[in-house]
Amino acid sequence: MRRLSSLYFPSGTPLHAFFAWNEAHILRDRRFRLMHDVFGLFNGHGGGADARVLCTVHLAIRPLIRWRWPWRVDVSSEHAAWARHLLERPEHGRAVEAAGRVVETFLASIGSSDVAAHAAVFRAFEALETVVDLSALIRFRPQWRRAPPPPPRRNVLVIKLSALGDFIQALGPAMAIRRHHAGDRITLLTTEPYVALARETRLFDEILIDRRPKLWHASDWRALRHRLRAGQFDRVYDLQTSDRSSIYAWLLRPGRRPQWSGIAWRCSHPHANLERYPQHTIDKQAEQLLMAGIHPVPLPTCPRIARKLPPGLLDGGFVLLIPGSSPRHLEKRWPAPHFAKLARRLCEDGYLPVVVGAAEEQPIGAEIGAVCPAAVDLIGKTDLLDLARLAAGAAFTIGNDTGATHMAATAGNPVVVLFSQASEPSRCAPRGRLVRVLSEANLADLAIERVLAEAIDVASAARLRQH
């Protein structure tokens, strides 16, 4: 049979990445092997309507490949008339419909750069796997077995532990998972700081707190293992995709293993892309979910918080300034004197600056207040829900590359985010309806006039959109 490879799919597309990943690994995905089967059977039998019928029979009723090793296969010589007779038998109805969809979507995806066409292939395999045991079809001697019926309501686990910016960017994937599993029970495993915000999203039926046990704290690991096993999860979406979260897959052994979307070794739905690390976080998670049958994935959206703004603030009547960042990455901060002069310039242009940040950043707020006394200093006085409400009410936001700026971007209002050489915008910049990125290797060299001009321009663009 003709050999299928990643070259049959345009570079940069999900199936190109999926095939390249499998070609580089010894342990290959079952869907990869079955796509090879369909491709070989289709071309080996003339590539017409009869070949499609034989491909469908192979997946849905009776394997037409008698043995394989490793790429050589022995194909039985069945006739299309016999195959059509099998397809018409009512007991094969569901399997035939699902298998036919796999065949059609896969053949349509070859040579296509349409991401939706690639997503349709993975979605078709998801439907087929509820009827047919795909692992039996890829054996040395392929066998057809019916898959166990799925539970009426599946238990789904989503893992997203930290940090704030990453948690915010995972809200889009979480929305897609909720839509896909509308009738299922979804549990979030996260860390304490994000519980209140996660509840406000109303995307999860239950929230478990991960205490992130240290390696030597055996009792804490046992407690976490007990909680995970008690969930009886049918599928896990690991949006953290770290070494720690991948280890959690092993906590569920021995016993029934859930389907797992992530990068854990031998997981059922790997994010199969050799170039996943240079990808933007949002693109990475969207492709991960696409390969698990979920597409499209929306941009993250912060929930509307039913809280009042602080006294003196009105929706659209102030500008949010985020001058801090992680204390471990001070090079990500535009200098406080620059923020202070910017605040004063904003006041002169009729804007009210509101400064937010963590409690340890209060000296920055004091420095801004000394230059611009009209600025409202809320540093150390807001939690995540307050921050979400402020972001939703601001005319626009100017901030460093930090989690609070990511949250502001999800509120839908304009955001200008400042990047130094310490991080790469193409991999982690906030995404939203109106987000502008300004980069300078050394943020001290980023001119106040440039930031102010960008902010005024993005605010004007927002007003034009509204009208």
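The values are calculated or read from the model by the stated rules, or taken from the named source; none is laboratory data. Note that the coordinates shown come from a computational prediction; the quantities given were computed from them, not determined experimentally. With ideal geometry, Cβ positions are generated from the backbone for all residues, glycine too; neighbour counts draw on all protein chains shown. SASA here: full protein model, heavy atoms, side chains in, ligands and nucleic acids out. Shrake-Rupley method; radii C 1.70, N 1.55, O 1.52, S 1.80 Å.
Relative contact order for segment 42-171: 23 percent, from Cα pairs under 8 Å spaced at least 6 residues apart, divided by residue count. Remark on segment 1-100: ratio of C-alpha radius of gyration to 2.2 N^0.38 Å is 1.14. Calculated mean residue ellipticity at 222 nm for the chain: -13000 deg cm²/dmol, from DSSP H runs with n ≥ 4 weighted as -39500 (n - 2.57), summed, divided by the residue count and rounded to 500.
Cα-Cα pairs above 23 Å in segment 277-397: how many percent?
That tail contains 43 percent of the Cα-Cα pairs.
Given R₀ = 35 Å, FRET efficiency for Asp243-Glu440 by Cβ-Cβ distance, to 0.05? Calculated value: 0.60. In this structure, the residue pairs whose Cα-Cα separation is over 29 Å, taken from Lys160/Lys381; Lys160/Lys341; Lys284/Lys308, are Lys160/Lys341; Lys284/Lys308. Segment 1-48 and segment 79-134 have Cα centres spaced 15 Å apart. Between Arg229 and Arg3, what FRET efficiency comes out of the Förster formula 1/(1 + (r/R0)^6) with R0 = 41 Å and r the beta carbon distance, rounded to 0.05? Efficiency, rounded to the nearest 0.05: 0.45. Solvent-accessible area of the chain (1.4 angstrom probe, protein heavy atoms only): carbon and sulfur portion equals 53 percent. Here, the chain is characterised by an Rg to Rh ratio of 1.06, where Rg is the alpha-carbon radius of gyration and Rh the Kirkwood radius. Figure note: Arg31, Arg212, Arg304, Arg436 ranked by solvent-accessible area, largest first, 1.4 Å probe, ligands and nucleic acids not counted: Arg304, Arg212, Arg436, Arg31.
What's the percent breakdown of Cα-Cα distances in segment 212-288 across 10 Å bins, shortest bin first? Result, from short to long distances: 18, 47, 27, 8 percent. Per residue, the chain exposes 45 Å² of solvent-accessible protein surface, assessed with a 1.4 angstrom probe and all protein chains in place.
The equivalent ellipsoid of segment 178-311 has semi-axes of 25, 21, 15 Å, largest first, where each one is the square root of 5 times an eigenvalue of the Cα gyration tensor.
If the segment from Ala359 to Arg465 were pulled out straight at 0.36 nm per residue, it would be longer than the present Cα-Cα gap by 34.6 nm.
Evaluate E = 1/(1 + (r/R0)^6) for Ser76 and Val371, where r is the Cβ-Cβ distance and R0 equals 60 Å; express this FRET efficiency to the nearest 0.05.
Calculated transfer efficiency: 0.15.
Here segment 336-438 is treated as an ellipsoid with the same Cα gyration tensor; its semi-axes, largest first and in whole Å, are 21, 15, 14.
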